[in-house]
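Nothing in this text is a laboratory measurement; each read-out follows from the coordinates by a stated rule. What you are looking at is a predicted structure, and each value in this text was computed from that prediction instead of being measured. For neighbour counting, all protein chains shown are included, and Cβ atoms are generated from backbone atoms with ideal geometry for every residue, glycine included.
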Amino acid sequence: MEKARSSRTDANAIRVRAGIFSGILGIVCNTLLAGAKIAVGALFGMLSVLADGVNNLTDCGSNAVSLIGFKVSGKPADKEHPFGHRRAESVSALIVSVIVLAVAAELAVQSVQRIFAPEESDFSVALVIVLAASVAVKLGLFAFNFILARRMRSEVLKATALDSVTDCIATTTVLACLLISHYTGVALDGYAGVVVAAFIAFAGGSILKEAVSKLLGTAPDHETVRALQERIRAFDGVRGLHDLTVHSYGADKLYATVHVEVDSAMPIMAAHDLADAIEKAEEKATGTQLTVHIDPLVYGDERVDRLRAETEQAAARIDPRLHVHDFRVVGGSAHTNLVFEVAVPFDCALSEREITERLRADICAREANTDVVATAERQDIE
């Protein structure tokens, strides 16, 4: 257990160092590109080139934000932040997106003004060389950050990679318009600026959407859930599981809870040991902090098993995806209550109330002196 925890700590340290290196590399490259573009853009009167340089300058700020984000995300949990600081990456990505969108808006305004009031601009080989070099550098940064983002599963690095490839497209557009304008005499500088602004805004919007989604809390991917369920079901004594929830507090920082169904005949100490074993095994395997709740249910009783099967069939007649769990039979021979919960997929058109009422009507029509106490709740059901 300690060895696995130490390995994850080392992996996080490597992750932070890689993120910091990426930030420093981005600051250096974008500073050089910004200086070159702003200089030649101002010298030859090219608004689109000048704006592209300003975009690179804001990229420096974005890189600085991501660098700080990685530094903060690497801090251990403390009293004020018991779940750690990994979500600092999402905050960093959010700030980066706002900077990118602000640049896009300003560039769009200036470009539209240039369309309605075109100005003379000079062509120079220096412009072509600077823009071509910018495309090459940005492609290199894209490849570097894209590979790191996939290996580290970092949304900040993914945002940085997306920003780099968008810059490539934008700069290529500026270069193409520059060459077309030179050889045809048609003033395309303002139009090129609008196209660049659109690309930048698209990148900023994409980054913003993902960052906000992460901060609000997204559902775990199906593969993560499926693998976790399989590991839990592999334990002897587990008869079923439900109410599995997974909370992400940043990359590789997951907390989860699950209800595990066991035979009510299992001794309480054995049930406790089972829950403890599942929790420790999951932490060792993936680092996920799992909390297991034990649900003791009656199995092997002919009447209970029959009523459970009838209830599951009634649920399937409403929607085959409905999942019945926590099934209990309460009462005696004169009157019986069937107490259970029903997991309902999010895209089911029926309301929770409609589902429970239809279950009650179906079951009570088949079983005399029987009532249904059902609770329906929305869950992600595969």
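Measuring between alpha carbons in the structure, the pairs from K253/K284; K214/K253; K158/K214; K71/K284; K71/K253 lying more than 18 angstrom apart are K71/K284. If I model the stretch 229-382 as equal point scatterers sitting on the Cα atoms and use the Debye formula, what is log10 I(q)/I(0) at q = 0.18 Å⁻¹? Once normalised to I(0) and log-transformed, intensities are -1.11.
To make sure I understand, if each residue's beta carbon is the centre and we count other beta carbons within 10 Å, what order do M266, M152, M46 fall in, fewest to most?
On the way: M266 16, M152 23, M46 29.
Starting with the residue having the fewest Cβ neighbours, the order is M266, M152, M46.
Applying 1/(1 + (r/R0)^6) with r as the Cβ-Cβ distance of R321 and L43 and R0 = 56 angstrom yields a FRET efficiency of 0.30. Here's the picture: charge each Lys and Arg Cβ at +1 and each Asp and Glu Cβ at -1 in the stretch 219-297, and of A277, T288, V262 the one pushed furthest to the positive end of that dipole is T288.
Once the mean 1/r over all distinct Cα pairs of the stretch 219-297 is inverted, what Kirkwood radius in angstroms do you read off? Before the final figure, lay out the partial values.
Numbers: mean 1/r = 0.0786 Å⁻¹.
By the Kirkwood definition, the hydrodynamic radius is 12.7 Å.
Size descriptors for the stretch 299-382, from the alpha-carbon set: Rg then Dmax equal 12.4, 39 Å. In the stretch 219-297, the DSSP beta bridges split such that about 45 percent are antiparallel, to the nearest 5.
Each Cα pair under 8 Å and six or more residues apart adds its separation to the average, and for the chain the resulting relative contact order is 13 percent. By the rule of a C-alpha distance below 16 Å, with chain neighbours fewer than 8 residues away ignored, no lysines are paired with K79. Over the chain, the reciprocal of the mean inverse Cα-Cα separation, the Kirkwood hydrodynamic radius, stands at 25.0 Å. The angle between the Cα long axis of helix 352-366 and the main principal axis of the chain comes to about 20°, on a 0 to 90 degree scale. Placing R0 at 41 angstrom, the Cβ-Cβ distance between L32 and H81 gives a FRET efficiency of 0.65 after rounding to 0.05.
So in the chain, what percent of DSSP beta bridges are antiparallel if you round to the nearest 5? If we restrict to bridges inside the chain, about 40 percent are antiparallel.
The label-point distance for E377 and D347, in a model that sets each label 7 Å from Cα toward Cβ, rounds to 2.3 nm. The angle between the Cα long axis of helix 88-116 and the main principal axis of the chain comes to about 40°, on a 0 to 90 degree scale. Could you point to the residue in Q379, S92, S134 farthest towards the positive end of the chain's charge dipole, with +1 and -1 charges on the Cβ of Lys/Arg and Asp/Glu respectively? Farthest towards the positive end: S134.
Between helix 47-73 and the chain, what is the angle of the helix's C-alpha long axis to the longest principal axis, kept within 0 to 90° and rounded to the nearest 10? Its long axis makes an angle of about 40 degrees.
So if R0 is 41 Å, what FRET efficiency would E310 and D221 give, r being the distance between their Cβ atoms, rounded to the nearest 0.05? Display every interim value, and only then the final one.
Working: r = 35 Å, r/R0 = 0.86.
Taking R0 as 41 Å, the efficiency between E310 and D221 is 0.70.
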